[in-house]
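Heads up: the structure comes next, in structure tokens.
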Amino acid sequence: MCVDGFSPAWKDAPVPLVRIDVTGPQTLDHVRAVLRGTREAITEALGVPDDRVHLRLVETPATHIDAPPCRTPHFTLVDIMLYEGRSAELKAACISAIRRNLGDDPGIPASEVAVAFRDMGTDDLDVQPGQADS
């Protein structure tokens, strides 16, 4: 384990892949704030270079969601798929940073932000670096 909290073998891996599920439709400002806040939290807390983070925000109409009564339309699920090796401390710091950032902008209460980590081995996840069009 490195001092920075994760295995050196994954330092240059082209992940994490992040899917954010929200109740939609949301405004473009809301979507941008959620994407920006999540990206900043991941790069800050996990030490992943910005160009290695891939985010996708998916909006589901309220009519297509069956959630418990304790959940509000602000409920946001951040599902982070990454190569295994990050410590529990790094993951906890990432969760805190995501909740802080999404609380600051666009104002989602921390109780309405759920974060799931899916640690994958190299035999479970094959992500190749993208190629820019020439």
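Of the residues in the range 40-52, not one is in a strand (DSSP E or B) and free of Cβ contacts under 8 Å to residues at least 60 places away in the same chain. Within the range 75-125, being more than 22 Å from residue 25 (Cβ to Cβ), surrounded by fewer than 17 Cβ atoms within 10 Å (Cβ to Cβ) and of a type in the set (Gly, Ala, Ser) holds for 87, 88, 92, 96, 110, 111, 116, 121.
Annotation: of all residues in the range 1-38 being part of a loop (DSSP other than H, G, I, E, B) and among the β-branched types (Val, Ile, Thr), the one that is modelled with the highest pLDDT is 27.
Restricting 90, 125, 82 to residues that are in a strand (DSSP E or B), closer than 15 Å to residue 16 by Cβ, in contact (Cβ under 8 Å) with a residue 40 or more places away in the chain and not charged (D, E, K, R) narrows the list to 82. If I ask for residues that are touching a Leu at 6+ places or on another chain (Cβ under 9 Å) and either assigned to a strand (DSSP E or B) or surrounded by fewer than 19 Cβ atoms within 10 Å (Cβ to Cβ) (or both), which ones from the range 53-73 would you list? Across the range 53-73, the qualifying residues are 54, 55, 56, 57.
When the residues of the range 93-110 are filtered to those that are part of a helix (DSSP H, G or I) and of a type in the set (A, V, I, L, M), which remaining residue is farthest from residue 125 (Cα to Cα)? Out of the qualifying residues, it is 110.
The values are calculated or read from the model by the stated rules, or taken from the named source; none is laboratory data. Since this is a predicted model, take the numbers as computed values, not measurements. Counting neighbours? That spans all protein chains shown, and the Cβs are built from the backbone with ideal geometry, glycine included.
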